[in-house]
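Worksheet: the structure to be examined is printed underneath.
Derivation of every value follows stated rules applied to the coordinates shown; laboratory data play no part. It should be emphasised that the depicted structure is a prediction, and the values quoted were computed from it without experimental measurement. When we count neighbours, we look across all protein chains shown, and the Cβ atoms used for this are built from the backbone with ideal geometry, even at glycine.
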Amino acid sequence: MAIFAGIVLLSLYLYRRPGGMPFGLRAFLALSRIVVLALVVATLLEPAAIITESHTLSRSLPVLLDVSESMSMKDQRKRPEDLACAAAALDMVSLEDDTDADRMVMQLDAKQRQKIATSSRLDLGKAILTQSGRPVLESFAESLDLSYHTFGRSPRLISDDNLVATEALASLEAIEQETSIAASLEAVASSGGVPPAGIVLLSDGIDNASSQRSEAILRDLGARGIPVYAVPIGLSDPDDVSIRNVVVQEVAYSGDKVPVRVQIKSKGYERRTARLAVLLNDRRVSSRIVRFDGGLQFEEVDFRVDVYEKGAVQIDVLIEPFDNEISMANNRVSRTVRIVNEKVNVLYVEGNARWEYRYLRAILKRDPRINATFISSNAGPEIARNSPEHIERFPNEREDAFQYDLVILGDVEASFF
């Protein structure tokens with residue numbers, strides 16, 4: 001302030017006398033000098049203005065709903081506890097009551113029982129979001145920003161409203177063929193700038209597209225303080241019959257009898273029977289009745305290839321499903337078999353008529369699928385001239401040598417070639 005006052009006094013002193021200039025001009029020049037010098041002083045003092053603003057950001061809470069194919073399953077619930085859980089999801093009863101599961105189930109009428117039996121896992125998930133779980137979601141919405149996503153291999157936003165509308169879920173179908181739970185969790189956790197307060201996951205837990213990074217992703221969510229609130233839907237081990245594996249040879253010959261080994265897993269159908277069938281290009285070629293023992297069991301069935309079949313064919317092995325199975329998609333497994341109706345050309349080169357030679361020669365000549373040719377290096381050229389099955393020497397031309405599919409070398413000297 002002292003410097004500024006000195007500048008003002010100096011300006012007034014310099015322009016106090018007329019000096020041949022009008023008073024108005026002298027006043028203007030004095031004022032201009034005062035302003036310029038004041039700006040210079042203000043710049044040297046480096047003035048700063050501090051403005052403080054505060055914003056409150058609500059943390060998000062993504063809700064993930066599984067829409068993979070397994071969510072279309074309709075669990076056949078038998079235990080009272082399982083029926084009570086499904087009834088609670090459909091908002092028929094409240095699990096907060098002290099009533100035990102047996103009494104809850106007894107209170108259900110026929111219409112409610114029918115709805116439980118016909119509801120898929122996806123139907124239960126929808127009911128949780130729009131009916132039974134709505135009070136909990138409303139309490140979350142008071143302090144968090146909710147968003148709703150479906151997921152299979154990756155998540156997809158269906159609503160960013162705090163409470164999802166029933167219409168937004170009505171058209172959802174369980175059609176995703178791949179399910180990657182860890183990748184979907186990572187995607188929604190990283191979608192915003194602020195880490196979410198948590199993630200609500202509604203799923204049956206079946207994951208068929210996990211990567212090697214799945215465990216690392218879950219550890220990273222824990223390190224970032226993002227909890228996952230899992231809401232399991234469906235039975236962990238439902239009653240079902242499935243074909244776990246089929247073992248069949250990759251190549252078969254026309255007219256052959258082909259064995260098929262089938263690994264079957266069953267639960268809930270002990271001592272019951274079903275038909276195991278083999279289809280060749282959608283045409284049934286063999287079947288038999290199998291009896292289920294529960295757990296894993298192996299069954300064998302065979303079929304005969306028609307003589308006119310040739311090339312790659314599709315073999316389907318299936319078990320006729322029961323009406324109340326959890327899934328019928330796992331009752332059928334397909335394999336590809338190459339059918340060959342041409343003989344295999346074999347060249348057998350041998351020195352002396354050893355016992356091994358006589359044994360292999362008999363096998364090769366007995367098999368109608370094999371066209372065998374022999375070379376006896378120590379027998380001389382006479383045997384080749386007198387027998388159509390023998391030739392004198394190994395073919396010299398590439399084309400002649402490559403007409404054979406298999407060459408067997410016995411006890412023959414290298415100098416013969």
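Select from ILE226, ILE391, ILE175 the residue whose mean-square fluctuation is largest in a Gaussian network model of the chain (Cα-Cα springs shorter than 10 Å). Looking only at ILE226, ILE391, ILE175, the biggest GNM fluctuation is shown by ILE391. Karplus-based coupling profile of region 388-400, in residue order and whole Hz: x, 7, 10, 10, 6, 9, 5, x, 8, 8, 4, 4, 5, with θ = phi - 60° in 6.51 cos²θ - 1.76 cosθ + 1.60 and x standing for Gly or Pro.
Rounded to whole Å, the principal axis extents of the Cα atoms in region 240-340 read 42, 19, 17, largest first. Between the entries (1) 1.81; (2) 1.95; (3) 2.06, the label attached to Cα Rg over 2.2 N^0.38 Å calculated for this structure is (2). Each of SER415, SER191, SER139 was scored by other Cβ atoms within 10 Å of its Cβ. Listed from fewest to most, they are SER415, SER139, SER191.
Taking LEU202, LEU406, LEU172 as the candidate residues, the one with maximal mean-square fluctuation in a Gaussian network model of the chain, Cα springs under 10 Å, is LEU406. Please work out the FRET efficiency for the pair ASP97 and GLU167, using the Cβ-Cβ distance as r and a Förster radius of 22 Å; give the result to the nearest 0.05. Rounded to the nearest 0.05, the efficiency is 0.10. Computed from the alpha carbon atoms alone, the convex hull of region 232-280 holds 120 Å³ per residue. Taking other C-beta atoms within 10 Å as the exposure proxy, SER387, SER377 rank SER387, SER377 from fewest upward.
Across region 131-139, rounded Karplus estimates of 3J(HN,Hα) from the backbone phi angles (6.51 cos²θ - 1.76 cosθ + 1.60, θ = phi - 60°) give 10, 5, x, 4, x, 5, 5, 5, 5 Hz, Gly and Pro being marked x. Once both labels are positioned 7 Å from their Cα atoms along Cα-to-Cβ, the gap between ARG332 and ILE51 label points is 6.9 nm. Extension gain, GLN263-PHE402: 0.36 nm per intervening residue step, less the Cα-Cα distance, totals 46.0 nm.
The DSSP beta bridges internal to the chain are antiparallel in roughly 60% of cases. Rounded to whole Å, give me the distance from the Cα center of region 335-354 to that of region 234-306. Cα centres, region 335-354 to region 234-306: 31 Å. Modelled spin-label separation between GLU138 and GLN297, with each label point placed 7 Å from Cα along the Cα-to-Cβ direction: 5.3 nm. Shown in residue order for region 331-339 are the 3J(HN,Hα) couplings computed by the Karplus curve 6.51 cos²θ - 1.76 cosθ + 1.60 at θ = phi - 60°: 8, 9, 10, 10, 9, 10, 10, 8, 9 Hz (x for Gly and Pro). Calculated FRET efficiency, PHE394 to ALA312, Cβ-Cβ distance, R0 = 30 Å: about 0.35 to the nearest 0.05. Close amide H contacts of ASP302 (hydrogens built in the peptide plane, cut-off under 5 Å, sequence separation of 5 or more or a different chain): VAL260. Dividing the mean sequence gap of close Cα pairs (under 8 Å, 6+ apart) by how many residues the chain holds gives a relative contact order of 11 percent.
Amide H to amide H, with H built 1.01 Å from N, SER327 comes under 5 Å of VAL241, counting only residues 5 or more places away or on other chains.
So which aspartates and glutamates can LYS257 reach, going by Cα to Cα under 19 Å and dropping same-chain residues fewer than 8 places off? Answer for LYS257, where 19 Å is the Cα cut-off: ASP282, GLU299, GLU300, ASP302, ASP306, GLU309, ASP316, GLU342, ASP367, listed by chain and number. Our estimate of slack between ARG113 and ASP160, defined as 0.36 nm per intervening residue step minus the Cα-Cα distance, is 13.5 nm. Summarising the amide proton neighbourhood of ASN208: residues at separation of 5 or more, or on other chains, whose placed amide H is nearer than 5 Å comprise THR179. Given +1 at the Cβ of Lys and Arg, -1 at the Cβ of Asp and Glu and no other charges, the dipole of the chain around its Cα centre is 980 debye to the nearest 20.
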